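The structure appears below as structure tokens.
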Amino acid sequence: MPHSARLTSGHVINPRRENYPARSHTQWRVVDVPRDITHHETAQLLSEQAEYGRWELARTVVFVGGARRVWLRRRTMRVERTDAA
């Protein structure tokens, strides 16, 4: 498997874990990284998420088999329209 194909298809971004309270100013994203993705590739993936998506690392868990789960967060600003009649 080519390096680029493995990197793009190796991780799983789990959108169902993005539940947050309506008044929260933080969005969460959970990324599951399988054990066959190297540390360097994981760091590259997370760097791209941070640079282009403005995500920051909140928490990382390494499981017994070597798989990793990473929680990313970013601050959001919720703006309400004031000119709506």
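Residues in segment 46-73 that are touching a helix residue (DSSP H, G or I) at 6+ places or on another chain (Cβ under 7 Å) and touching a residue at least 24 places away in the same chain (Cβ under 8 Å) were compared, and the one that is nearest to Val33 (Cα to Cα) is Arg68. Filtered by the rule that a residue be assigned to a loop (DSSP other than H, G, I, E, B) and either among the charged types (D, E, K, R) or at pLDDT 85 or above (or both), segment 49-84 gives Arg54, Trp55, Phe63, Val64, Gly65, Gly66, Ala67, Arg78, Glu80, Arg81, Asp83.
Please tell me if Thr42 is at pLDDT 90 or above, part of a helix (DSSP H, G or I) and hydroxyl-bearing (Ser, Thr, Tyr). Judged against the criteria, Thr42 is a match. Only one of the listed residues (Ser24, Ser4) is at pLDDT below 50 and over 20 Å from Ala67 (Cβ atoms). That residue is Ser4.
The values are calculated or read from the model by the stated rules, or taken from the named source; none is laboratory data. Quick caveat, the model's predicted, so the values are computed rather than measured. All Cβ positions, even for glycine, are placed from backbone atoms using ideal geometry, and neighbour counts span all protein chains on display.
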